[in-house]
1. What is the one condition in (1) in contact with a His (Cβ under 7 Å, 6 or more places away or on another chain); (2) farther than 17 Å from B:Gly47 by Cβ that B:Val113 does not satisfy?
2. In the set B:Phe226, B:Phe189, which member is under 25 Å from the mean Cα position of the chain (by Cα), loosely packed, with under 15 Cβ neighbours inside 10 Å, on the phi < 0 side of the Ramachandran plot and without any contact (Cβ under 8 Å) to a residue 60 or more places away in the chain?
3. All but one of (1) free of Cβ contacts under 8 Å to residues at least 12 places away in the same chain; (2) part of a loop (DSSP other than H, G, I, E, B); (3) touching a Ser or Thr at 6+ places or on another chain (Cβ under 9 Å) hold for B:Lys216; state the number of the condition that does not hold.
4. Please go through the stretch A:75-97 and pick out each residue that is touching a residue at least 60 places away in the same chain (Cβ under 8 Å) and in contact with a strand residue (DSSP E or B) (Cβ under 8 Å, 6 or more places away or on another chain).
5. Any residue at all in the stretch B:7-23 that is part of a strand (DSSP E or B), more than 21 Å from the chain's Cα centre (by Cα) and within 25 Å of A:Ala59 (Cβ to Cβ)?
6. Looking at the stretch A:57-73, which of the residues that are among the β-branched types (Val, Ile, Thr), part of a helix (DSSP H, G or I) and crowded, with 19+ Cβ neighbours inside 10 Å is farthest from the other protein chains (Cβ to nearest Cβ)?
7. State the number of residues belonging to the stretch B:193-205 that are within 12 Å of chain A (Cβ to nearest Cβ) and exposed (fewer than 10 other Cβ atoms within 10 Å of the Cβ).
8. Could you check, for the stretch A:44-56, whether at least one of its residues is within 14 Å of chain B (Cβ to nearest Cβ), in a strand (DSSP E or B) and over 22 Å from A:Trp133 (Cα atoms)?
There are 2 protein chains.
Amino acid sequence: MDNSLAKIHLSVDCTVLGFNGNRLEVLLIRRTGEEGGKEFHDMKLPGSLILDQEELDDAARRVLTELTGLKNIPLQQFRAFGSMSRTKDPKDVHWLERAQQAHVTRIVTVAYVALVKIGRTITRDLEGSEALWVPVDALPQLAFDHNEIIAAALDHLRNGAVTDPSVLYALLPRKFTVTQLRTLYEVVFGVKLDAANFYKKMTQMPYVVALEEREKGVAHRAARYFRFDKNAYNKTRL
Amino acid sequence: MDNSLAKIHLSVDCTVLGFNGNRLEVLLIRRTGEEGGKEFHDMKLPGSLILDQEELDDAARRVLTELTGLKNIPLQQFRAFGSMSRTKDPKDVHWLERAQQAHVTRIVTVAYVALVKIGRTITRDLEGSEALWVPVDALPQLAFDHNEIIAAALDHLRNGAVTDPSVLYALLPRKFTVTQLRTLYEVVFGVKLDAANFYKKMTQMPYVVALEEREKGVAHRAARYFRFDKNAYNKTRL
């Protein structure tokens, strides 16, 4: 065993997850680099090295705002990634060294996750940034270990939702249809659910409350809206 | 804002929590240092800097085993602590620099937490180490920000137990009495519970199963044992 201590750089990376009604999506930013004299274009999570006097949570918020324009996103630390293999691709190391004017060997990143509602507010805030939504089931090869970080964030969401289904409602609009809720369960847990059974199960959830309001301007029969009731939910926890 | 990048060392710290039947305890190790020409004695979490080629999880397991003798402890990352103020006490910096023969400025630590059963097995494994159990409600001032890390681990346990009470049973013996379970709820949530009400609530938990067996060799009326049924528990999650 090599007993020398690790000399590292520290970064933060933000995994912002949303639900577009059909699929889970993650917020990525475009990256342009140069390797072997040729320009390349790919994508990465919004993230960067932290500054000298900066707290971790402050760094995550700063970096997300600088790269995407988003503010007040409920970022939560979920795991540090520190494998030596994070910098196995010279392309990533060269890109970072050019961007940071620093020699880079090992980079430990503190990963944050946020669940957001994809809607008008967030779409407006993203305007003019290099950020874009990409479906998590159709990701290309990303920079560093960002595919792995996103996979871990999805595991985190899935495991969290098993014991605490309330987290899922952060991904839905405030008013949602049974089809939206069922589709979200399907994509989070990677299963196909029977619509009638799911509806029956949903009616047993005292925290999913039917509204009087229905969808408007749809070609099919207008579906009823439901909302999540946090107080009723908390009473179901023993 | 100072735009220079943070140059840091990385460590792991392990917060091993147990329940002694009356109180929550944390596993600490004794530290001897010298400051201003005088020897001092205090305590810290089992932790250390990670090595150059070492993965984070491997480092946590190695350090815990080296310092406490414990193996196969279900350590889970729960948060990175990276504030500049972690090294505000020169005593800590000097101690670490002597121990590591390295100049230390900022140290980011990846904190792990484990919930264990305090019993014969763990007591035997700890023999001959510098580790000891200390009640979390009577901690002295510890090294670095270790009081803060323990407080955060307790919050993590408390918040986790609200949505997923099954985590609490990792702290109890496999067979437990209603008094033990009630006391654990009391110390985790910092409340005093009425015994009769708690018993009634417990009988509504389909996953707490009464055994035929009762306590042996006790002065008071022998209490019945219960066990946690993970399968029954999983069925209660909607």
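The values are calculated or read from the model by the stated rules, or taken from the named source; none is laboratory data. Since we're looking at a predicted model, the values are computed, not measured. Neighbour counts run over all protein chains shown; Cβ positions are idealised from the backbone, glycine included.
1. (2)
2. B:Phe189
3. Result: B:Lys216 passes all but (3).
4. Step one: list which residues in the stretch A:75-97 are touching a residue at least 60 places away in the same chain (Cβ under 8 Å), which gives A:75, A:78-79, A:81-83, A:85, A:94-95.
Selection gives A:Leu75, A:Phe78, A:Arg79, A:Phe81, A:Gly82, A:His94, A:Trp95.
5. Initial filter on the stretch B:7-23 (part of a strand (DSSP E or B)): B:8-19.
Next, only the ones that are more than 21 Å from the chain's Cα centre (by Cα) stay: B:8-9.
Adding the requirement that they be within 25 Å of A:Ala59 (Cβ to Cβ) leaves B:8-9.
Yes, the conditions are met somewhere in the stretch B:7-23.
6. In the first step, residues of the stretch A:57-73 are kept if they are among the β-branched types (Val, Ile, Thr); the result is A:63, A:65, A:68, A:73.
Next, only the ones that are part of a helix (DSSP H, G or I) stay: A:63, A:65, A:68.
After this cut, where a residue has to be crowded, with 19+ Cβ neighbours inside 10 Å as well, the list is A:63, A:68.
Working: A:Val63: 13, A:Thr68: 19 Å.
By that ranking, first place goes to A:Thr68.
7. Residues that pass the stated criteria total 1.
8. Let us first name the residues in the stretch A:44-56 that are within 14 Å of chain B (Cβ to nearest Cβ), namely A:47-56.
Checking the rest, the ones that are also in a strand (DSSP E or B) come to A:47-49, A:51.
Going one step further and asking which of them are over 22 Å from A:Trp133 (Cα atoms), we end up with A:49, A:51.
Checked the stretch A:44-56: at least one residue is within 14 Å of chain B (Cβ to nearest Cβ), in a strand (DSSP E or B) and over 22 Å from A:Trp133 (Cα atoms).
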